[in-house]
Amino acid sequence: QVQLVESGGGLVQAGGSLRLSCAASGRTFSSYGMGWFRQAPGKEREFVTTITASGANTYYADSVKGRFTISRDNVKNTVYLQMNSLKPEDTAIYYCAASGLRFGVTDANKYAYWGQGTQVTVSS
């Protein structure tokens, strides 16, 4: 069982930066691929980025590539999402998730554990 708690969301102006954190409970964090997803009002949840269990490999949605960076600290049981050059269209609730797989996945259905989400609002 893994419990995930996100933090770091807030209100920022376009062009600004935020860093989200996702703290995980449990001793098996280093065995899980992790991902970030987001859901904007009136839209479906969408994939943002994923990282393998070891942290060696990452993958990004085209919409955030070059602006967002996912990383993890397997000692601190935490995964991070550094978001730079934020745009109003990045406004959403951001969720971190843990899969039972060591590699990263883009399919939300492959993730067994989800955090409660943190709101990110980017003003123009």
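The values are calculated or read from the model by the stated rules, or taken from the named source; none is laboratory data. Because the structure is predicted, anything quoted here is derived from the model rather than measured. Because the Cβ atoms are built from the backbone with ideal geometry, glycine has one as well, and the counts that use them run over all protein chains shown. Note: areas computed on protein heavy atoms with side chains; ligands, DNA, RNA excluded. Shrake-Rupley method; radii C 1.70, N 1.55, O 1.52, S 1.80 Å.
Just give me the residues in the stretch 17-62 being hydroxyl-bearing (Ser, Thr, Tyr), under 23 Å from Ser85 (Cβ atoms), surrounded by 14 or more Cβ atoms within 10 Å (Cβ to Cβ) and touching a residue at least 24 places away in the same chain (Cβ under 8 Å), in sequence order. Spell out how you get there, then give the answer.
Of all residues in the stretch 17-62, those hydroxyl-bearing (Ser, Thr, Tyr) come to 17, 21, 25, 28, 30-32, 49-50, 52, 54, 58-60.
Checking which are under 23 Å from Ser85 (Cβ atoms) leaves us with 17, 21, 49-50, 58-60.
Now narrow it down to the ones that are surrounded by 14 or more Cβ atoms within 10 Å (Cβ to Cβ): 21, 49-50, 58-60.
Answer for the stretch 17-62, where residues must be hydroxyl-bearing (Ser, Thr, Tyr), under 23 Å from Ser85 (Cβ atoms), surrounded by 14 or more Cβ atoms within 10 Å (Cβ to Cβ) and touching a residue at least 24 places away in the same chain (Cβ under 8 Å): Ser21, Thr49, Thr50, Thr58, Tyr59.
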Please go through the stretch 98-112 and pick out each residue that is surrounded by 14 or more Cβ atoms within 10 Å (Cβ to Cβ) and in a strand (DSSP E or B).
Ala98, Ser99, Tyr111
Among the residues that make up the stretch 7-14, is at least one of them open to solvent by less than 30 Å² (accessible area, probe 1.4 Å) and assigned to a loop (DSSP other than H, G, I, E, B)?
no
Hits in the stretch 26-46 (condition: part of a loop (DSSP other than H, G, I, E, B), within 16 Å of the chain's Cα centre (by Cα) and closer than 14 Å to Asn77 by Cβ)
Tyr32
What are the residues in the stretch 81-106 that are of a type outside the set (A, V, I, L, M, F, W, C) and under 15 Å from the mean Cα position of the chain (by Cα), if any?
Gln82, Asn84, Asp90, Thr91, Tyr94, Tyr95, Ser99, Gly104, Thr106
Would you check which residues across the stretch 67-97 are without any contact (Cβ under 8 Å) to a residue 24 or more places away in the chain, open to solvent by less than 80 Å² (accessible area, probe 1.4 Å) and not in a strand (DSSP E or B) and list them?
Arg67
Just one of (1) at pLDDT 95 or above; (2) farther than 21 Å from Tyr113 by Cβ trips up Thr52, so point out which.
(2)
